[in-house]
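First comes the structure, then the notes that go with it.
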Amino acid sequence: MSDGVRWLGAWPHTQGAAHARTGFAAAFGGEPSGVWAAPGRVNLIGEHTDYNNGLCFPTALPHSTYLALRPRTDDAITLVSAQMPRSAPWTATLNAVGPGTVAGWGTYVAGTAWAMAAGGAYGGSGFDAFVASCVPGGAGLSSSAALECSAAVALDELGGGSLRQTDEGRAILVQCCVRAENEIAGAPTGGMDQSASLLARAGHALLLDCLTGATEHVPFDLTSSGLTLLVIDTRAHHALVDGQYASRRSQCEQAARRLGVESLRQAADAVASGTWALSEVLDRLDDPVLIRRTRHIITEIGRTAQFAELLRAGRLDEIGPLLDASHASLRDDYEVSARELDAAVVAAREAGALGARMTGGGFGGSAIAVVPLGTEGHVAGAVHGAFATAGFEPPAFALAPPMQGAARIA
Ligand code: ADP
Ligand code: MG
């Protein structure tokens, strides 16, 4: 693989478990009750559709967050993270955790305990826990959900629960993790990240219907089609992301009101069934910005459904154009791309990718490219070179075969 190209390797579970156990012993002394791992995620297609009750289609990454945890007899929570080497331990008492009462990285863990306790899913005590993670942070690959979901499966087990044993139970844990992120950590995210981290199956992508809550595990075996999924972390983070996210949400709500539908999902369904023509829907909006935003959401939901059809039919070598069209729509109609993301997808395609797109919320973060197996080093080298020529910070790369969701690993 080319010189200077940085790969974000995933730890094997044995290494992650050893890291978490060693860190736990150093921080707290003795042995944890166990080590639980939860993966980050990457969304294949279906971007900005979740809050429009649409479809999205994530897989779990081979990169996980490892949590070594031991219950206490009192209700104190003490957390140490290998990723926060210069911080003092994060502390709180379980009874004192609530909206607005705690801050900092520990809110993702303590908030999960709080939400589970509030929902009757955790009746246990406080705990000591050590966190070690190889999920790239701030790359849009959901290190936050990985942290929450590692805590959710650990607390379910140690509290004597069995939610982690079924998909239905895991869906309840998803809701607890979403509440932790929204109400305690204060990040207004939907449920895609937590669903992927808790529900994903190895070798499958997870089709999520954000209207009905239905999930489908669709086989996604790129290797047998001679392909692989390359993740490109652009290292770019542009300002105003939170404001832009909120403005996209409100534009979608405004468009739905003008169309007289509950959400743009209803408009997408009407277009898909032939009840409405897309042009007819857009004409009724009578505002160029709302037209562009709505066109992205309707076509993106359609592309996600088509993507699922191709996967079900095993026609993986045909998914490239859908990825390309998704990127163009996010760049031109939804206007959430960034120069670095555009450069990454162009360079990847020129180097032989079948298709490429930005993934995640946008304005930086990561892109994905589907590339012929064995060419990932060449494609990464080409993207790395294009970034150097453009004067961008060097990107980082990861391979992303679809892995399974959160579980106890030691
Ligand atoms: P993303 O989820 O895309 O990586 P977020 O901003 O949603 O980005 O979440 C990142 C935050 O999650 C970090 O700022 C930190 O508070 C918390 N976090 C994630 N992983 C860890 C970790 N291993 N140790 C400590 N905090 C973490
Ligand atoms: Mg996050």
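What ranking, highest mean first, results for peptides 66-78, 170-182 when packing means the other Cβ atoms within 10 Å averaged over each residue?
Result, highest mean first: 170-182, 66-78.
According to the square roots a ≥ b ≥ c of the eigenvalues of the Cα gyration tensor, what is the shape class of the stretch 60-175, taking rounded for a/c under 1.5, prolate for a/b larger than b/c otherwise, and oblate for the remainder?
Because a/c hits 1.5 or more and a/b fails to exceed b/c, the stretch 60-175 counts as oblate.
List Arg41, Arg339, Arg357, Arg257 from most exposed to least, where exposure is judged by having the fewest other Cβ atoms within 10 Å.
Ranking Arg41, Arg339, Arg357, Arg257 by Cβ neighbours within 10 Å, fewest first, gives Arg257, Arg339, Arg357, Arg41.
For Leu206, what charge total do you get from the other residues with a beta carbon under 12 Å from its beta carbon, if Lys and Arg give +1 and Asp and Glu give -1?
Result for the neighbourhood of Leu206: -1.
What percent does the relative contact order of the stretch 307-362 come to when contacts are Cα pairs within less than 8 Å and at least six residues apart?
Over the stretch 307-362, the number comes to 40 percent.
First obtain the Kirkwood hydrodynamic radius of the stretch 1-116 from its Cα pairs, then insert it into the Stokes-Einstein equation at 10 °C and 1.306 mPa s, and state the resulting D in µm² per second as a whole number.
94
Within 10 Å of each residue's Cβ, count the other Cβ atoms and sort Glu148, Glu335 from fewest upward.
In increasing order of surrounding Cβ atoms, one gets Glu335, Glu148.
Could you give the size of the charge dipole of the stretch 23-118 about its Cα centre, using +1 on the Cβ of each K and R and -1 on the Cβ of each D and E, expressed in debye and rounded to the nearest 20?
180
Assign unit charges at the C-beta atoms only (+1 for Lys and Arg, -1 for Asp and Glu), then state the dipole size of the stretch 223-399 relative to its Cα centre in Debye, rounded to the nearest 20.
That gives a dipole near 200 debye.
Take Thr275 and Glu168, extend 7 Å from each Cα along the Cα→Cβ direction, and tell me the distance between the two endpoints in nm.
3.0
Please give the helix 167-179 orientation as an angle from the longest Cα principal axis of the chain, in degrees from 0 to 90, rounded to the nearest 10.
90
Run the simple label-point estimate for Ala96 and Ala26 please: 7 Å along Cα→C-beta, distance reported in nm.
Placing both labels 7 Å beyond Cα along the Cβ direction yields 2.8 nm.
Would you please classify the overall shape of the stretch 338-410 from the alpha carbon gyration tensor, given that a ≥ b ≥ c denote the square roots of the eigenvalues, rounded means a/c under 1.5, and beyond that prolate means a/b larger than b/c while oblate covers the rest?
prolate
Put +1 on the Cβ of every Lys and Arg and -1 on every Asp and Glu Cβ in the chain; which of Pro288, Asn53, Ala26 then has its Cα farthest towards the positive end of the dipole?
Checking the options against the dipole of the chain, the answer is Ala26.
By what distance, in whole Å, do the Cα atoms of the stretch 96-148 stretch along each of the three principal axes, largest value first?
33, 21, 18
Provide the gained length on full extension for the span Asp209 to Ala388, in nm with one decimal, where the gain is 0.36 nm per separating residue minus the Cα-Cα distance.
Working it through step by step, the gained length comes to 60.5 nm.
Positive end of the charge dipole of the chain (Lys, Arg +1 and Asp, Glu -1 on Cβ, about the Cα centre): tell me which of Leu373, Ala344, Trp114 has its Cα farthest that way.
Of the candidates, Trp114 comes out farthest on the positive side.
Taking square-rooted eigenvalues a ≥ b ≥ c of the alpha carbon gyration tensor, is the stretch 179-249 rounded, prolate or oblate, where a/c under 1.5 means rounded and, failing that, a/b exceeding b/c means prolate?
Oblate shape, in that a/c is at least 1.5 and b/c is the bigger or equal ratio.
In what sequence, highest mean first, do 308-316, 127-135, 201-209 appear when ranked by Cβ atoms within 10 angstrom?
Ranking the peptides 308-316, 127-135, 201-209 by packing returns 127-135, 201-209, 308-316.
Pick from Gly111, Gly100, Gly137: which is most flexible by mean-square fluctuation in a GNM of the chain where alpha carbon atoms under 10 Å apart are linked?
Maximum fluctuation in the GNM of the chain, among the listed residues, is at Gly100.
Go from 0 up to the bin containing the longest alpha carbon distance in the stretch 223-399, width 10 Å each, and give me the % of pairs per bin.
Reading the bins upward from 0: 10, 34, 31, 20, 5.
When each pair of different Cα atoms in the chain is counted once in the 1/r mean, what is the Kirkwood radius in angstroms, to one decimal?
The Cα-based Kirkwood calculation yields 21.7 Å.
Distance in nm between label sites at His13 and Arg72, each 7 Å beyond Cα in the beta-carbon direction?
Reported label-point gap for His13 and Arg72 is 2.9 nm.
Quick check on the exposure proxy: order Met84, Met358, Met116 from fewest to most C-beta atoms within 10 angstrom.
Met84, Met116, Met358
Looking only at Ala272, Ala17, Ala139, which one moves most when the chain is put into a Gaussian network model with springs between Cα atoms under 10 Å?
Ala272
If you build a Gaussian network model of the chain, linking Cα atoms that sit under 10 Å apart, which residue out of Trp276, Trp11, Trp114 swings the most?
Trp276
Mean separation of Cα pairs under 8 Å and 6+ residues apart, divided by the residue count of the chain: what relative contact order is that in percent?
It rounds to 24 percent for the chain.
What percent do you get for the relative contact order of the stretch 15-143 when only Cα pairs under 8 Å and 6+ apart count?
32
Counting Lys and Arg as +1 and Asp and Glu as -1, each charge on the Cβ, what is the dipole of the chain about the Cα centre in debye, to the nearest 20?
460
Every read-out reported here was derived from the displayed coordinates using simple, explicitly stated rules and does not represent laboratory data. Since we're looking at a predicted model, the values are computed, not measured. Methodologically, a virtual Cβ is constructed for each residue, glycine included, from the backbone with ideal geometry; neighbour enumeration extends over all protein chains shown.
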